[in-house]
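The values are calculated or read from the model by the stated rules, or taken from the named source; none is laboratory data. Quick caveat, the model's predicted, so the values are computed rather than measured. Virtual Cβ from ideal backbone geometry, glycine too; neighbours counted across all protein chains shown.
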Amino acid sequence: MIADPSIDDMLLRLGGAAGLGMILGLDWERRGFDAGIRTHALISLSAALLMLCAISVGEAVIRSGGDSDPLRVAQGLFQALGFIGAGMVFARREEVRNLTSASSIVLTGAIGMACGAGLWKMALIATAVGLFLMVIVRLGTRYFRGERKAGKE
């Protein structure tokens, strides 16, 4: 982790976060949901930028003799992701909608945080597992439940 990252490092971390966010948003975009490619990419990019800033500033403060904890930024970011996710969830009578969409937004932000911290293996594995859950498991769930829940994710 570098207090003053190079342009190449910033491009890799921020571009990688946006790219992985886009991959997660593809399934939602294809099915016509509001939170699609751009939303997922922007959330992942934002999370990566905040983590990169927190790490850089934190290291600079520590080098100058101060006390810093970049994990506080991660905590605040995760609260913001929860707020965005809560705004996506609709509850009417006995029916709750968009829980999976909200969960994918939180996952996308977490992947962006991993990219911003330079934790590439973690980010790639989380993207692969998330994509598996959103596509393959969704198809299996439809098969076992029938079509009654389709479109309410």
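Worth a mention:
- Given (1) at pLDDT 90 or above; (2) within 16 Å of ARG31 (Cα to Cα); (3) of a type outside the set (Ser, Thr, Tyr), number of the condition MET122 does not satisfy: (2)
- Hits in the range 79-129 - residues which are of a type in the set (Phe, Trp, Tyr), free of Cβ contacts under 8 Å to residues at least 40 places away in the same chain and not in a strand (DSSP E or B): PHE83
- Filter result for THR39 (part of a helix (DSSP H, G or I), under 21 Å from ILE136 (Cβ atoms) and of a type in the set (Val, Ile, Thr)): no
- A count restricted to the range 1-30 and to residues that are within 21 Å of THR100 (Cβ to Cβ) and surrounded by fewer than 15 Cβ atoms within 10 Å (Cβ to Cβ) stands at 1.
- Total residues in the range 10-39, condition free of Cβ contacts under 8 Å to residues at least 12 places away in the same chain and farther than 22 Å from GLY85 by Cα: 3
- So SER44, is it of a type in the set (Ser, Thr, Tyr), part of a helix (DSSP H, G or I) and within 25 Å of ILE23 (Cα to Cα): yes
- Residue list for the range 47-78, filter: in contact (Cβ under 8 Å) with a residue 40 or more places away in the chain and among the polar types (S, T, N, Q): SER56
- Filter result for the condition that a residue is at pLDDT 90 or above and either buried (at least 20 other Cβ atoms within 10 Å of the Cβ) or of a type in the set (Gly, Ala, Ser) (or both), over LEU77, LEU45: LEU45
- Considering (1) touching a Pro at 6+ places or on another chain (Cβ under 8 Å); (2) small (Gly, Ala, Ser); (3) closer than 19 Å to MET122 by Cα, the lone condition that GLY58 does not fulfil carries the number (3).
- If the condition is being assigned to a loop (DSSP other than H, G, I, E, B) and β-branched (Val, Ile, Thr), then the range 1-36 contributes only ILE2.
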